[in-house]
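Trainee: Quick one: structure below, then a few questions.
The values are calculated or read from the model by the stated rules, or taken from the named source; none is laboratory data. Owing to the predicted nature of the structure, the values given are computational and were not obtained by experimental measurement. Because the Cβ atoms are built from the backbone with ideal geometry, glycine has one as well, and the counts that use them run over all protein chains shown. Just so you know, the surface numbers come from the protein's heavy atoms only, side chains and all, with ligands and any DNA or RNA stripped out. Shrake-Rupley method; radii C 1.70, N 1.55, O 1.52, S 1.80 Å.
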Amino acid sequence: MNLLYIFCTFNFTYKKVLNKNTSKMKSIYSILLSVVLLLSSCASTKQIKDAIPEHSTFTIKSAHVHEDRIINVWLPEEYQNNLNAYPVMYMADGGVKEDFPHIAQTLAKLIKEKKIKPIILVGIENTQRRRDLTGFTEVEQDKQIAPVVGGSENFRAFIKNELIPEINAKYRTTNEKSIIGESASGLFVMETFFLAPEMFDKYIAFDPSLWWNNHYLVQTAQEHLANFPTNKKVLWFAGSNEPTIAPYTQELSKILQTKNLVNLTWQYADEPNEEHLTIFKATKEKALIWALNNPK
(Lines give C-alpha, C1' and ligand atoms only; values in the text may rest on other atoms or scores of the structure.)
Protein backbone atom coordinates (compact mmCIF):
# COMPACT_ATOMS: atom_id res chain seq x y z
CA MET A 1 0.00 0.00 0.00
CA ASN A 2 1.21 3.55 -0.71
CA LEU A 3 3.06 4.78 2.39
CA LEU A 4 2.07 8.38 1.80
CA TYR A 5 -1.58 7.32 1.69
CA ILE A 6 -1.23 5.48 5.02
CA PHE A 7 0.30 8.53 6.63
CA CYS A 8 -2.27 10.98 5.28
CA THR A 9 -5.18 8.72 6.28
CA PHE A 10 -3.79 8.59 9.78
CA ASN A 11 -3.19 12.33 9.64
CA PHE A 12 -6.89 12.92 8.96
CA THR A 13 -7.89 10.67 11.88
CA TYR A 14 -5.33 12.35 14.07
CA LYS A 15 -6.94 15.73 13.55
CA LYS A 16 -10.37 14.36 14.49
CA VAL A 17 -9.33 12.76 17.75
CA LEU A 18 -6.52 15.08 18.78
CA ASN A 19 -8.59 16.93 21.36
CA LYS A 20 -9.63 13.68 23.05
CA ASN A 21 -6.15 12.48 23.94
CA THR A 22 -3.58 15.03 22.88
CA SER A 23 -0.36 13.65 24.37
CA LYS A 24 -1.01 10.05 23.38
CA MET A 25 -2.00 10.90 19.82
CA LYS A 26 1.02 13.15 19.38
CA SER A 27 3.29 10.28 20.40
CA ILE A 28 1.62 7.85 17.99
CA TYR A 29 1.72 10.48 15.24
CA SER A 30 5.44 11.10 15.72
CA ILE A 31 6.25 7.37 15.66
CA LEU A 32 4.22 6.71 12.51
CA LEU A 33 5.69 9.76 10.78
CA SER A 34 9.23 8.56 11.51
CA VAL A 35 8.46 5.06 10.18
CA VAL A 36 6.83 6.38 6.99
CA LEU A 37 9.70 8.76 6.24
CA LEU A 38 12.28 6.00 6.88
CA LEU A 39 10.49 3.48 4.67
CA SER A 40 9.93 6.07 1.95
CA SER A 41 13.62 6.89 2.00
CA CYS A 42 14.51 3.20 1.71
CA ALA A 43 12.05 2.74 -1.15
CA SER A 44 13.54 5.68 -2.99
CA THR A 45 17.06 4.32 -2.50
CA LYS A 46 16.09 0.91 -3.89
CA GLN A 47 14.71 2.52 -7.03
CA ILE A 48 18.02 4.13 -7.96
CA LYS A 49 19.58 1.81 -10.53
CA ASP A 50 20.50 4.29 -13.25
CA ALA A 51 24.05 4.40 -14.55
CA ILE A 52 25.78 7.66 -13.79
CA PRO A 53 26.38 9.57 -17.05
CA GLU A 54 29.57 11.42 -17.87
CA HIS A 55 29.35 14.81 -16.21
CA SER A 56 31.31 17.45 -14.33
CA THR A 57 30.97 18.41 -10.69
CA PHE A 58 31.89 21.53 -8.76
CA THR A 59 31.14 23.03 -5.37
CA ILE A 60 29.70 26.48 -4.79
CA LYS A 61 29.77 28.29 -1.46
CA SER A 62 26.39 29.86 -0.81
CA ALA A 63 25.70 32.90 1.33
CA HIS A 64 21.95 32.28 0.98
CA VAL A 65 21.77 28.72 2.33
CA HIS A 66 24.97 29.10 4.37
CA GLU A 67 26.74 25.97 3.16
CA ASP A 68 28.70 24.50 0.28
CA ARG A 69 26.53 22.92 -2.42
CA ILE A 70 27.56 20.22 -4.86
CA ILE A 71 26.52 20.92 -8.45
CA ASN A 72 26.45 18.30 -11.24
CA VAL A 73 26.46 19.42 -14.87
CA TRP A 74 25.65 17.26 -17.86
CA LEU A 75 26.49 18.59 -21.31
CA PRO A 76 24.98 17.35 -24.58
CA GLU A 77 27.45 15.60 -26.89
CA GLU A 78 27.24 18.46 -29.35
CA TYR A 79 28.62 20.95 -26.83
CA GLN A 80 32.23 19.88 -27.44
CA ASN A 81 31.92 20.04 -31.23
CA ASN A 82 30.93 23.67 -31.75
CA LEU A 83 30.81 27.10 -30.14
CA ASN A 84 27.02 27.30 -29.85
CA ALA A 85 25.24 28.45 -26.71
CA TYR A 86 22.62 26.16 -25.13
CA PRO A 87 19.53 26.51 -22.94
CA VAL A 88 19.82 25.22 -19.38
CA MET A 89 17.55 23.01 -17.31
CA TYR A 90 17.90 23.16 -13.51
CA MET A 91 16.81 20.52 -11.05
CA ALA A 92 16.81 19.96 -7.31
CA ASP A 93 17.19 16.28 -6.35
CA GLY A 94 20.19 16.64 -8.65
CA GLY A 95 22.71 14.35 -6.98
CA VAL A 96 24.23 11.34 -8.72
CA LYS A 97 22.30 9.12 -6.28
CA GLU A 98 19.11 11.10 -6.89
CA ASP A 99 17.27 11.99 -10.10
CA PHE A 100 20.18 13.52 -12.03
CA PRO A 101 21.31 10.32 -13.83
CA HIS A 102 17.94 9.29 -15.27
CA ILE A 103 17.04 12.81 -16.39
CA ALA A 104 20.45 13.25 -18.07
CA GLN A 105 20.06 9.90 -19.82
CA THR A 106 16.55 10.79 -20.96
CA LEU A 107 17.70 14.12 -22.36
CA ALA A 108 20.54 12.36 -24.21
CA LYS A 109 18.09 9.83 -25.67
CA LEU A 110 15.60 12.48 -26.81
CA ILE A 111 18.36 14.63 -28.31
CA LYS A 112 19.74 11.64 -30.22
CA GLU A 113 16.24 10.86 -31.52
CA LYS A 114 15.90 14.54 -32.52
CA LYS A 115 12.78 14.90 -30.39
CA ILE A 116 14.26 17.85 -28.49
CA LYS A 117 17.11 20.28 -29.12
CA PRO A 118 20.37 19.96 -27.17
CA ILE A 119 20.22 21.34 -23.62
CA ILE A 120 22.48 21.56 -20.55
CA LEU A 121 21.33 19.90 -17.32
CA VAL A 122 22.33 21.34 -13.94
CA GLY A 123 21.63 19.19 -10.89
CA ILE A 124 21.73 20.50 -7.32
CA GLU A 125 22.59 17.76 -4.86
CA ASN A 126 20.46 17.75 -1.72
CA THR A 127 21.69 18.51 1.78
CA GLN A 128 18.47 19.16 3.72
CA ARG A 129 15.85 18.39 1.09
CA ARG A 130 12.70 19.15 3.07
CA ARG A 131 14.18 22.40 4.32
CA ASP A 132 15.09 23.68 0.85
CA LEU A 133 12.03 22.56 -1.09
CA THR A 134 9.23 23.67 1.23
CA GLY A 135 7.86 27.14 1.81
CA PHE A 136 6.39 28.50 5.00
CA THR A 137 3.56 26.59 6.63
CA GLU A 138 1.03 27.26 9.36
CA VAL A 139 0.15 23.57 9.66
CA GLU A 140 1.77 21.96 12.70
CA GLN A 141 1.87 18.49 11.13
CA ASP A 142 3.83 19.86 8.16
CA LYS A 143 6.50 21.12 10.51
CA GLN A 144 7.13 17.59 11.80
CA ILE A 145 8.42 16.14 8.53
CA ALA A 146 11.94 17.45 9.17
CA PRO A 147 13.94 19.34 11.82
CA VAL A 148 13.81 22.45 9.60
CA VAL A 149 11.26 23.33 6.92
CA GLY A 150 10.27 26.49 5.07
CA GLY A 151 13.62 27.31 3.45
CA SER A 152 12.50 27.56 -0.17
CA GLU A 153 12.93 31.34 -0.33
CA ASN A 154 16.62 31.05 0.59
CA PHE A 155 17.10 28.11 -1.78
CA ARG A 156 15.48 30.07 -4.61
CA ALA A 157 17.76 33.04 -3.86
CA PHE A 158 20.76 30.70 -4.03
CA ILE A 159 19.72 29.48 -7.47
CA LYS A 160 18.91 32.94 -8.79
CA ASN A 161 21.77 34.99 -7.37
CA GLU A 162 24.60 32.47 -7.08
CA LEU A 163 24.09 29.34 -9.15
CA ILE A 164 22.67 30.75 -12.39
CA PRO A 165 25.42 33.42 -12.70
CA GLU A 166 28.04 30.74 -12.02
CA ILE A 167 26.63 28.45 -14.71
CA ASN A 168 26.47 31.33 -17.18
CA ALA A 169 30.12 32.13 -16.45
CA LYS A 170 31.35 28.53 -16.76
CA TYR A 171 29.35 27.43 -19.81
CA ARG A 172 28.01 28.75 -23.09
CA THR A 173 24.37 29.38 -22.29
CA THR A 174 21.40 31.12 -23.86
CA ASN A 175 18.85 33.12 -21.88
CA GLU A 176 16.38 30.21 -21.89
CA LYS A 177 16.07 28.47 -18.54
CA SER A 178 13.80 25.67 -17.35
CA ILE A 179 13.30 23.81 -14.08
CA ILE A 180 12.08 20.28 -13.42
CA GLY A 181 11.09 18.43 -10.26
CA GLU A 182 8.91 15.74 -8.67
CA SER A 183 7.05 15.52 -5.35
CA ALA A 184 8.61 18.05 -2.92
CA SER A 185 10.86 19.21 -5.73
CA GLY A 186 7.72 19.59 -7.83
CA LEU A 187 6.27 21.71 -5.04
CA PHE A 188 9.32 23.96 -5.31
CA VAL A 189 8.83 24.19 -9.08
CA MET A 190 5.19 25.22 -8.64
CA GLU A 191 5.98 27.64 -5.83
CA THR A 192 8.60 29.31 -8.01
CA PHE A 193 6.14 29.44 -10.90
CA PHE A 194 3.66 31.37 -8.73
CA LEU A 195 5.96 33.45 -6.53
CA ALA A 196 8.88 34.18 -8.87
CA PRO A 197 7.71 33.32 -12.40
CA GLU A 198 10.35 35.53 -14.01
CA MET A 199 13.15 33.15 -12.89
CA PHE A 200 12.49 30.48 -15.51
CA ASP A 201 10.87 30.24 -18.91
CA LYS A 202 9.64 26.65 -18.60
CA TYR A 203 8.35 24.78 -15.57
CA ILE A 204 7.89 21.00 -15.31
CA ALA A 205 6.41 19.40 -12.17
CA PHE A 206 5.48 15.75 -11.53
CA ASP A 207 3.07 15.04 -8.68
CA PRO A 208 3.92 18.28 -6.86
CA SER A 209 3.18 18.19 -3.13
CA LEU A 210 0.49 20.85 -3.36
CA TRP A 211 -1.06 19.65 -0.09
CA TRP A 212 1.67 21.61 1.71
CA ASN A 213 0.42 24.34 4.05
CA ASN A 214 -3.22 23.36 3.55
CA HIS A 215 -2.80 23.56 -0.27
CA TYR A 216 -1.85 27.23 0.00
CA LEU A 217 -0.53 27.51 -3.57
CA VAL A 218 -3.82 26.30 -5.01
CA GLN A 219 -5.82 28.52 -2.67
CA THR A 220 -3.85 31.60 -3.77
CA ALA A 221 -3.36 30.63 -7.42
CA GLN A 222 -5.85 33.13 -8.83
CA GLU A 223 -4.26 35.95 -6.85
CA HIS A 224 -0.80 35.16 -8.24
CA LEU A 225 -2.06 34.64 -11.77
CA ALA A 226 -3.65 38.08 -11.65
CA ASN A 227 -0.13 39.52 -11.34
CA PHE A 228 1.54 37.17 -13.80
CA PRO A 229 4.35 38.64 -15.95
CA THR A 230 3.56 39.64 -19.51
CA ASN A 231 6.35 37.62 -21.15
CA LYS A 232 5.50 34.09 -22.21
CA LYS A 233 5.86 31.13 -19.85
CA VAL A 234 5.44 27.38 -20.33
CA LEU A 235 4.08 25.02 -17.66
CA TRP A 236 3.64 21.25 -17.72
CA PHE A 237 2.49 19.39 -14.61
CA ALA A 238 1.10 15.96 -13.82
CA GLY A 239 -0.86 14.25 -11.07
CA SER A 240 -0.90 10.55 -10.19
CA ASN A 241 -3.60 8.63 -8.33
CA GLU A 242 -2.11 9.76 -5.01
CA PRO A 243 -5.18 10.87 -2.99
CA THR A 244 -3.30 13.65 -1.20
CA ILE A 245 -2.11 15.22 -4.46
CA ALA A 246 -4.55 14.47 -7.29
CA PRO A 247 -7.41 16.69 -6.02
CA TYR A 248 -5.12 19.71 -5.94
CA THR A 249 -3.44 19.19 -9.32
CA GLN A 250 -6.91 18.74 -10.81
CA GLU A 251 -8.19 21.86 -9.09
CA LEU A 252 -5.21 23.86 -10.30
CA SER A 253 -5.88 22.65 -13.84
CA LYS A 254 -9.43 24.00 -13.63
CA ILE A 255 -8.17 27.35 -12.33
CA LEU A 256 -5.70 27.68 -15.20
CA GLN A 257 -8.40 26.76 -17.68
CA THR A 258 -10.69 29.44 -16.27
CA LYS A 259 -8.00 32.13 -16.23
CA ASN A 260 -6.85 31.27 -19.78
CA LEU A 261 -3.81 33.57 -19.74
CA VAL A 262 -2.66 34.43 -23.26
CA ASN A 263 1.00 34.52 -22.20
CA LEU A 264 0.93 31.08 -20.53
CA THR A 265 1.13 27.85 -22.51
CA TRP A 266 0.31 24.97 -20.21
CA GLN A 267 -0.67 21.34 -20.12
CA TYR A 268 -1.90 19.12 -17.30
CA ALA A 269 -1.42 15.36 -17.48
CA ASP A 270 -3.95 13.54 -15.30
CA GLU A 271 -2.39 10.10 -14.73
CA PRO A 272 -4.80 7.94 -12.66
CA ASN A 273 -2.96 4.75 -13.61
CA GLU A 274 0.31 6.00 -12.12
CA GLU A 275 1.33 6.07 -8.48
CA HIS A 276 3.45 8.65 -6.71
CA LEU A 277 6.56 6.47 -7.05
CA THR A 278 6.03 5.69 -10.76
CA ILE A 279 4.79 8.90 -12.35
CA PHE A 280 8.17 10.61 -12.81
CA LYS A 281 9.79 7.95 -14.98
CA ALA A 282 6.50 7.03 -16.67
CA THR A 283 5.77 10.52 -17.97
CA LYS A 284 9.13 12.29 -18.17
CA GLU A 285 9.65 11.81 -21.91
CA LYS A 286 6.33 13.30 -22.95
CA ALA A 287 6.79 16.11 -20.46
CA LEU A 288 10.22 17.03 -21.80
CA ILE A 289 9.16 16.73 -25.44
CA TRP A 290 6.09 18.92 -24.93
CA ALA A 291 7.68 21.57 -22.72
CA LEU A 292 11.03 21.93 -24.46
CA ASN A 293 9.45 22.16 -27.91
CA ASN A 294 7.13 24.99 -26.88
CA PRO A 295 8.89 28.28 -27.65
CA LYS A 296 9.24 30.63 -24.73
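Trainee: Out of the residues in region 132-169 that are under 18 Å from residue 187 (Cα atoms) and without any contact (Cβ under 8 Å) to a residue 24 or more places away in the chain, which is most open to solvent (accessible area, probe 1.4 Å)?
Mentor: Checking each candidate, the answer is 153.
Trainee: Just name the residue that is most open to solvent (accessible area, probe 1.4 Å) out of those in region 275-291 that are without any contact (Cβ under 8 Å) to a residue 40 or more places away in the chain and part of a helix (DSSP H, G or I).
Mentor: Residue satisfying both the conditions and the ranking: 286.
Trainee: Any residue in region 66-84 that is touching a residue at least 24 places away in the same chain (Cβ under 8 Å) sitting within a Cβ distance under 6 Å of a residue that is surrounded by 12 or more Cβ atoms within 10 Å (Cβ to Cβ) and of a type in the set (Gly, Ala, Ser)? List the pairs, counting only those 6 or more apart or interchain.
Mentor: Correct list of pairs: 69/62; 72/94; 72/123; 74/104.
Trainee: Another question, then. Need the failing condition index for residue 186 against (1) modelled with pLDDT under 95; (2) within 26 Å of residue 278 (Cβ to Cβ); (3) not acidic (Asp, Glu), just the number.
Mentor: Exception for residue 186: condition (1).
Trainee: Residue 64 passes all but one of (1) at pLDDT 95 or above; (2) open to solvent by less than 40 Å² (accessible area, probe 1.4 Å); which number fails?
Mentor: For residue 64, the exception is condition (2).
Trainee: Exactly one of these conditions fails for residue 254: (1) closer than 27 Å to residue 118 by Cα; (2) basic (Lys, Arg); (3) surrounded by fewer than 21 Cβ atoms within 10 Å (Cβ to Cβ). Give me its number.
Mentor: (1)
Trainee: Look at residue 296 and say whether it is in contact (Cβ under 8 Å) with a residue 40 or more places away in the chain, under 30 Å from residue 161 (Cα atoms) and part of a loop (DSSP other than H, G, I, E, B).
Mentor: Working: in contact (Cβ under 8 Å) with a residue 40 or more places away in the chain: yes; under 30 Å from residue 161 (Cα atoms): yes; part of a loop (DSSP other than H, G, I, E, B): yes.
Yes.
Trainee: Another question about this same structure. Checking the condition under 25 Å from residue 149 (Cβ atoms) and open to solvent by 10 Å² or more (accessible area, probe 1.4 Å), which residue from 265, 220 passes?
Mentor: Step by step, each of 265, 220 is checked, and only 220 is under 25 Å from residue 149 (Cβ atoms) and open to solvent by 10 Å² or more (accessible area, probe 1.4 Å).
Trainee: From (1) open to solvent by less than 20 Å² (accessible area, probe 1.4 Å); (2) closer than 17 Å to residue 132 by Cβ; (3) acidic (Asp, Glu), pick out the condition that doesn't hold for residue 182.
Mentor: So residue 182 meets the others, but not (1).
Trainee: Another one. Could you identify the single residue in 252, 210 that is in contact with a helix residue (DSSP H, G or I) (Cβ under 6 Å, 6 or more places away or on another chain), closer than 22 Å to residue 143 by Cα and touching a residue at least 40 places away in the same chain (Cβ under 8 Å)?
Mentor: Every option except 210 fails the conditions.
Trainee: Now for a separate question. For region 72-95, what are the residues that are part of a loop (DSSP other than H, G, I, E, B) and crowded, with 18+ Cβ neighbours inside 10 Å?
Mentor: 75, 76, 92, 93, 94, 95
Trainee: Next question, about the same structure. Among the residues of region 233-251 satisfying the criterion of being touching a strand residue (DSSP E or B) at 6+ places or on another chain (Cβ under 7 Å) and either assigned to a helix (DSSP H, G or I) or of a type in the set (D, E, K, R) (or both), which is most open to solvent (accessible area, probe 1.4 Å)?
Mentor: 250
Trainee: Follow-up. Can we say residue 186 is within 13 Å of the chain's Cα centre (by Cα) and either in a strand (DSSP E or B) or among the charged types (D, E, K, R) (or both)?
Mentor: no
Trainee: Further question on the same structure: Could you tell me how many of the residues in region 128-158 are more than 17 Å from residue 70 (Cα to Cα), out of contact with any helix residue (DSSP H, G or I) (no Cβ under 9 Å at 6 or more places or on another chain) and in a loop (DSSP other than H, G, I, E, B)?
Mentor: Number satisfying all stated conditions: 1.
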